[in-house]
Amino acid sequence: MYDLIVIGGGPGGLRAAELASHAGMSVALIEKDRLGGTCLNRGCIPTKALYAHIVGGKGERDGLWSRVEATMDKLRQGSATALRMAKVKTYRGTAAVTQWEGEKKISVRKEDGSVEEIASSRLLVAAGARSVRPSFAGNDLPEVLTGDWAIVDPLLWDPERNGDVRTVAVLGAGVIALEMAMMLQNLGKNVILLKHSDQILRRLDGDVKKKVGQIMKKRGTDVREYVRLSEAVQEGGGLLLRGTAKDEPFEERCDRLLLASSMEPILDGFGLENGPVRVAKGCIAVDDAMMTSVEGVYAVGDCTGGAMLAHLAEYQALAAVSHMTGGSYRVDLDALPACVFIEPEVATVGLTEEEARARGEEIVSAKAHFGANGMALAMGEGDGFVKVVARAAGRTILGVHIMGPEAASLLGEATLAVAKHLTAEDVANTIHAHPTLCECFRDACRRVMEE
Ligand SMILES: Cc1cc2nc3c(=O)[nH]c(=O)nc-3n(C[C@H](O)[C@H](O)[C@H](O)COP(=O)(O)OP(=O)(O)OC[C@H]3O[C@@H](n4cnc5c(N)ncnc54)[C@H](O)[C@@H]3O)c2cc1C
C-alpha cells in the first residue's frame, strides 16, 4: 500500500508526487496520457514556444514547428527523470477510484486493456480542466478547434503548413483567446475576435485593460461584441458562422473557429460522480490546505476551479503536501502572479485598483512609463508602464500591474514585494542596477511615495 496516490501528471500532480516522495512517503502517480498535462503538452509550453518566435522575435520562423516539438519533448523527458529520481512509481493508464473513504482503492486501466488495483492511505486528485464547448449546431465540426488542443495543430500554426488558413474566428476575450489571436495576427492571418460581452481580460486592472483595447484597435483587430453563435456550417473548405451580435443577426465566414471562451474542471472519468467528495459550483471543493470533504483526499490545480494557472497548481500541491506532513504552508491568493503573453507583454500580481477599493482599502496608485526607461528605449520598446497600487497608510504594496517589455520576467520582484508586504519605500530604497527594465518598478514605487 502506498502512502499517497496521485491522479494526473500535470504541474499539480507532478509537483505533489515529487514533494511527497522527498518527504519520505511512498508515492504512485497515474497519468492516462503524457506527463506534463495540459501545461506541457498543449498549453503554457507550446504557446510560449510559439510566442517567443512569432511575437517575441526570438528566433527564426524556419523550422519553427520542430523547435516547438523539441521543447516539449525535452521537458517531458525532464519530468520523467524527475519522477524517477524521486522514486515515484509511475503508472500509465486511466485511474478510477473505487473506494474513497478509509483506505483508498484505485483501479488503473492500462493501454493494453489490463486493470491493476492499487491502494493508499492518501489520495491527491489533479485531473485538470478542459475547454468549454458552447452549445451551437456544428460545434464539433473538424474546423472548430478548442483552446486546450488548438495549439498543437500544425495546420494552424506551422508557417510551412498553414497556408490554407487565412481567417480565424476566435471566440473569447480571456488570456488564451488574446494570446492566440495575437500570434495568429503576427503569422499574417485575419483574426475576428468574437466576444460574449464588451469586456476583455476581465480580471485585470482597468488601466491595463484600456491599453490592451487601444493596442488591439491599433492592430486593426476585427472585434465583435455580445456575440451568440447559433450554428457553424461547412462551406467551401471553411465555415459559415451564424448567430447574433448585440441582438442583431450575425453572419461571418472563416477557415477555422477557435473556441477559447473558458475552461471547466474535469470531474468525470475517475469515479467522482458516485463518490462522497463534495463538488461545489462545478469544482472539487477544497479548504486552504487543499483537503476535500473526505479525510485523506486532496485536490489541486484546475480541477478545483479558480484561477487556472500552472504555477498555482504547483503551489497548491506544496500546500497539500505540507498539510500531509504537519506543515503550515498555505497559498496566498493575494500574491498570485499571472501573465498574458501578448504584445506588449502583460504581468500582474495582487490587487487591482478596483479590487482594492471594493475591499474598502484606502489606496494610492502611481505609474512609471517605459518611455522614460533607458533600457526599454535602448531595446526600442518604450511602450507601456508599471502601475503600483499601495495602501495609503504606510504605502504597503498591494498590487503591481505591468505592461511592457519582458513584463512577465519583471514580475518576480513585484510578486516578492506583494507576498512579503513590502512598502513602496522598501523597493524604492533598494539599489536597482542601471540600465535595467526593473528600474521602472522602482520609479513607480518612488511615485507612490510622492502621492
Ligand atoms: C492554451 C493554454 C495556454 C496556457 N498557458 C498558461 C500559461 O502561460 N501559464 C500558466 O500558468 N497556465 C497556462 N495554462 C493553464 C495551465 O496549462 C493549467 O493551469 C495547468 O496545466 C493545470 O495543471 P493541473 O495539474 O491542474 O492539470 P493538467 O495540466 O491539465 O493535468 C491533468 C492531468 O491529469 C490527467 N488525468 C485526468 N484524468 C485522469 C485519470 N482518470 N487518470 C489518469 N490521468 C488523468 C490528464 O491526462 C492530465 O495530464 C494554459 C492553458 C492552455 C489550454
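The values are calculated or read from the model by the stated rules, or taken from the named source; none is laboratory data. These figures come from a predicted structure and were not determined experimentally. All Cβ positions, glycine included, derive from the backbone under ideal geometry; neighbour counts span all protein chains shown.
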Scan (1) within 12 Å of the ligand (Cβ to nearest atom); (2) under 27 Å from the mean Cα position of the chain (by Cα); (3) not β-branched (Val, Ile, Thr) for the single condition ARG133 breaks and write down its number. (1)
Could you give every pair whose Cβ atoms fall below 7 Å, whose first residue belongs to the stretch 140-158 and is outside the structural domain of MET180 (by TED's automatic domain parsing), and whose second residue is assigned to a helix (DSSP H, G or I) and within 11 Å of the ligand (Cβ to nearest atom), counting only separations of at least 6 or pairs across chains? none
Determine whether the stretch 153-171 contains at least one residue that is within 19 Å of PRO249 (Cα to Cα) and either within 16 Å of the ligand (Cβ to nearest atom) or assigned to a helix (DSSP H, G or I) (or both). yes
Of all strands (runs of 3 or more DSSP E) completely enclosed by the stretch 258-351, which ones contain at least 1 residues that are touching a His at 6+ places or on another chain (Cβ under 8 Å) and within 16 Å of the ligand (Cβ to nearest atom)? 297-299, 337-340, 346-350
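Pull up the stretch 35-61, narrow it to residues that are more than 21 Å from the chain's Cα centre (by Cα) and without any contact (Cβ under 8 Å) to a residue 24 or more places away in the chain, then point me to the one that is nearest to PRO159 (Cα to Cα). Give the steps one after another, and end with the answer.
First, the residues of the stretch 35-61 that are more than 21 Å from the chain's Cα centre (by Cα): 57-61.
Filter again for without any contact (Cβ under 8 Å) to a residue 24 or more places away in the chain, leaving 57-60.
Working: GLY57: 15, LYS58: 16, GLY59: 14, GLU60: 11 Å.
Of everything passing the filter in the stretch 35-61, GLU60 is nearest to PRO159 (Cα to Cα).
Need at least 3 residues that are of a type outside the set (Ser, Thr, Tyr) per element, so show me which strands (runs of 3 or more DSSP E) inside the stretch 71-150 make the cut, counting only ones lying wholly within it.
Numbers: elements: 89-92, 94-99, 104-109, 115-125, 129-131, 144-146.
Once the strands (runs of 3 or more DSSP E) in the stretch 71-150 are filtered for at least 3 residues that are of a type outside the set (Ser, Thr, Tyr), what remains is 94-99, 104-109, 115-125.
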Can you list residue pairs whose Cβ atoms sit under 6 Å apart, with the first residue in the stretch 3-32 being more than 11 Å from the ligand (Cβ to nearest atom) and the second being among the aromatic types (Phe, Trp, Tyr)? Count only pairs 6 or more apart in sequence or on different chains. SER26/TYR2; ALA28/TYR2
Positions within the stretch 232-243 being surrounded by 14 or more Cβ atoms within 10 Å (Cβ to Cβ) and either closer than 18 Å to PRO134 by Cα or under 28 Å from the mean Cα position of the chain (by Cα) (or both), in sequence order: ALA232, LEU239, LEU240, LEU241, ARG242, GLY243
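Does GLU225 qualify as being more than 30 Å from LYS367 (Cβ to Cβ) and either of a type outside the set (Phe, Trp, Tyr) or at pLDDT 95 or above (or both)?
Values: more than 30 Å from LYS367 (Cβ to Cβ): no; either of a type outside the set (Phe, Trp, Tyr) or at pLDDT 95 or above (or both): yes.
No; evaluated as a whole, the condition is false for this residue.
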For the condition buried (at least 21 other Cβ atoms within 10 Å of the Cβ) and either aliphatic (A, V, I, L, M) or in the same structural domain as GLY10 (by TED's automatic domain parsing) (or both), what is the one hit in ILE106, ILE118? ILE106
Looking only at the stretch 33-48, filter to residues that are within 6 Å of the ligand (Cβ to nearest atom) and not in a helix (DSSP H, G or I); which one of those is nearest to LEU123 (Cα to Cα)? ASP33
